[in-house]
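Below: the structure, in structure tokens.
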Amino acid sequence: DEIRISHNLIHDLRNSSLADASGLDVAGINLFVGRPSDNTKISNNIIYQVINVSTNSSSDAKGIRLSAPVVTYYVYNNTVYGIWNTGVNGDANGIEDNGVGRVHAKNNFVGRVQHLQGGTALCFNGTFLSENNNVSSDATAGGAGSQINMSAYASYFRNTTFGSEDLHLINDSSSLWGSFGQDLDSDPNLPIIDDIDGAPRHATTPDIGADEHSGTAVYRSVGITATNLNTF
């Protein structure tokens with residue numbers, strides 16, 4: 001009676017010119033059917049480089065699209081990055097409540113959502129039932145604790161080079177965006193206690209997105225000096 005999608009790395013998806021006639025979309029996660037009992041929980045996923053190349057006006061690029069009106073969705077601590085529409089028409093959206101009105105969005109980072117031909121491109125799209133502590137590269141992240149217009153991507157992630165992306169954080173959320181995520185370890189619907197790598201979340205001030213920053217590793221080497229060698 002529930003669906004869980006978590007701890008996935010979903011990337012480098014695209015349709016083709018074959019969709020010019022059919023109008024097929026491309027999406028990282030696309031849920032459009034379900035029963036009222038099918039609570040759906042989506043957490044700790046990294047989704048990036050989802051690209052629509054079709055010129056059909058119905059062909060869209062979506063990071064996460066949620067469309068079943070009878071389902072309640074819990075979308076927590078996901079990183080969605082690089083959602084592109086290169087066609088003349090269609091949309092590009094990061095996380096979309098597609099007329100559902102039953103989506104709870106918390107602690108998500110959504111950035112670099114672009115329509116290269118000037119069409120509609122939104123990081124968060126739709127009317128969410130609740131939203132807070134999200135980050136967007138445009139002005140669409142809403143609710144308490146959310147941050148907008150955060151687009152200095154190379155200063156957030158280890159590597160943003162196309163084809164070599166590493167979307168682990170290079171610092172904690174407060175340092176990067178001025179806000180930590182909501183503490184969800186006791187959330188009654190979807191408790192979040194770890195990140196995409198299985199590392200523990202901070203007990204009170206967790207990070208936003210799929211990765212929990214654990215600090216910079218320090219390596220030290222211990223060896224024998226020339227003085228030590230002379231004593232043998």
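At a glance:
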| quantity | calculated |
| --- | --- |
| Choice from Asn189, Asn107, Asn52 showing the highest fluctuation, given a GNM over the chain with Cα pairs closer than 10 Å | Asn189 |
| Enclosed volume per residue, in Å³, of the convex hull spanned by Cα atoms of the stretch 118-186 | 125 |
| The chain - percent of accessible surface contributed by carbon and sulfur, probe 1.4 Å | 50 |
| Mean-position separation - Cα centroids, the stretch 178-212 and the stretch 23-64, in angstrom | 24 |
| Expected 222 nm ellipticity per residue - DSSP helices of 4 or more, -39500 (n - 2.57), all of the chain, to 500 | -1000 deg cm²/dmol |
| Heavy-atom accessible area order for Thr72, Thr140, largest first, 1.4 Å probe | Thr140, Thr72 |
| Average accessible area per residue (Å²) across the chain - probe 1.4 Å, nucleic acids and ligands excluded | 46 |
| Theoretical FRET efficiency, 1/(1+(r/R0)^6), r = Cβ-Cβ of Ser186 and Thr55, R0 45 Å, to 0.05 | 0.40 |
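The values are calculated or read from the model by the stated rules, or taken from the named source; none is laboratory data. Just so you know, these numbers come straight off a predicted model, no measurement behind them. Backbone-built Cβ (ideal geometry, glycine too); neighbour counts: all protein chains shown. Note: accessible area is taken over every heavy atom of the protein model, side chains too, but ligands, DNA and RNA are not part of it. Shrake-Rupley method; radii C 1.70, N 1.55, O 1.52, S 1.80 Å.
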